[in-house]
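What follows is calculated from the coordinates using simple rules that are stated; it is not laboratory data. As the structure is a computational prediction, the values presented were derived from the model and not from experiment. Heads up, the Cβs are rebuilt from the backbone with ideal geometry, glycines too, and the neighbour counts pull from every protein chain shown.
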Amino acid sequence: MRPGEMAVTFLGTGTSTGVPLLACDCAVCLSTDPRDKRTRPALTVQGPEGTILVDAGPDFRTQCLAQKVRRVDACILTHTHADHLFGLDDLRQFNFQYNIRIPVYGTAETLERVQSVYDYCFKTTQEGGGKPQLDLVELIPFQPLMLCGIEVLPLWHWHGEVRVTSLLFNKTFAYVTDVSEIPEETRPSLQNLDTLVLGTVRYEPHPTHFHLEQAIEEAKALGARQTYFTHLSHYFSHKDVSEELPKSIALAYDGLRLAF
Ligand SMILES: [Zn+2]
Ligand SMILES: [Zn+2]
Ligand SMILES: [Zn+2]
């Protein structure tokens, strides 16, 4: 991979429950279309010098097996809801396999929460089978950093009352999930990109996420060449929603790969 190039893999595109939902017999949960099988939201961004993982939810290990993720060099957490965080312990296999520590990036608030949820990683206890070896590194919105040969610009947006980190990679590809409002100061960095990912969960309005109509409006306003929706619930049949969307917008699905 040459400087400036990157490859994105959607590890998961489902909402917090995953799809199918446990014990649900709706048409989408029973669908045989593989694009209606959605694990918890996460992606990898591979650059010339390594692979960045964005979020590590409860499906992280099986996502790595499904998408053949063989190594993670850095992890960025958008926020600390369970569907984005509760797979972080499984990073340890990459610690052991490659004898590396893994930096975990997040806002001060995120890192504080990681230290409390994964307290055993950050204090001396018996080693047992081995603990994740993680270095917590603070992200400051609008302060760019180089990671794995990729320029990463951290931004932020609202998810109800929670502030979530959005990310712009190489000024080309942005990931904005768990979003109910994009603040004015973030908007210019997301305008007219090549590819934009936006979260949306369902047709009906939702207190902490865009609903479909709102996400379509935002996608049009931000004007990316191509927008993908993620964090999708069982209210969305991939085939049915896809037929309603304009050409510049598509639903993401687990295993979708993009090259830049
Ligand atoms: Zn979420
Ligand atoms: Zn269902
Ligand atoms: Zn969330």
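Key figures for this structure:
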item: Restricting region 27-49 to residues that are under 17 Å from the mean Cα position of the chain (by Cα) and either farther than 23 Å from T227 by Cα or among the aliphatic types (A, V, I, L, M) (or both), the residue that is farthest from ligand 2 (Cβ to nearest atom); result: V45
item: Selection within region 190-222 - touching a strand residue (DSSP E or B) at 6+ places or on another chain (Cβ under 9 Å), of a type outside the set (D, E, K, R), surrounded by fewer than 22 Cβ atoms within 10 Å (Cβ to Cβ) and part of a loop (DSSP other than H, G, I, E, B); result: L193, T208
item: Of all residues making up region 75-122, the number that are within 14 Å of ligand 1 (Cβ to nearest atom) and either more than 25 Å from V179 (Cβ to Cβ) or of a type in the set (S, T, Y) (or both); result: 3
item: Selection from region 1-26 of residues that are within 12 Å of ligand 2 (Cβ to nearest atom) and in contact with a Ser or Thr (Cβ under 7 Å, 6 or more places away or on another chain); result: G14, T15, G18, V19
item: Flag for V201 being within 16 Å of ligand 2 (Cβ to nearest atom), of a type in the set (V, I, T) and closer than 22 Å to T9 by Cα; result: yes
item: Total residues in region 132-183, condition part of a strand (DSSP E or B) and within 16 Å of ligand 1 (Cβ to nearest atom); result: 13
item: Residues within region 1-29 that are crowded, with 17+ Cβ neighbours inside 10 Å and basic (K, R), tallied; result: 0
item: Failed item, numbered, when F122 is tested on (1) loosely packed, with under 15 Cβ neighbours inside 10 Å; (2) within 19 Å of the chain's Cα centre (by Cα); (3) more than 19 Å from D73 (Cβ to Cβ); result: (2)
item: Selection status of Y228, among the aromatic types (F, W, Y) and more than 20 Å from L21 (Cβ to Cβ); result: yes
item: Restricting region 30-49 to residues that are crowded, with 17+ Cβ neighbours inside 10 Å and away from ligand 3 (no atom under 16 Å from the Cβ), the residue that is farthest from H234 (Cα to Cα); result: G47
item: Candidate set: region 223-260, residues that are crowded, with 18+ Cβ neighbours inside 10 Å and assigned to a strand (DSSP E or B); chosen: the one nearest to the chain's Cα centre (by Cα); result: T230
item: Pair list, Cβ < 9 Å and 6+ apart or interchain, from region 10-25 residues that are without any contact (Cβ under 8 Å) to a residue 40 or more places away in the chain and closer than 17 Å to V54 by Cα to residues that are within 16 Å of ligand 3 (Cβ to nearest atom) and in a strand (DSSP E or B); result: none
item: Scope region 60-83; condition crowded, with 19+ Cβ neighbours inside 10 Å, without any contact (Cβ under 8 Å) to a residue 60 or more places away in the chain and away from ligand 3 (no atom under 15 Å from the Cβ); matching residues; result: F60, C64, V72, C75
item: Within region 156-179, considering residues that are more than 16 Å from ligand 3 (Cβ to nearest atom) and of a type outside the set (S, T, Y), the one farthest from A215 (Cα to Cα); result: N170
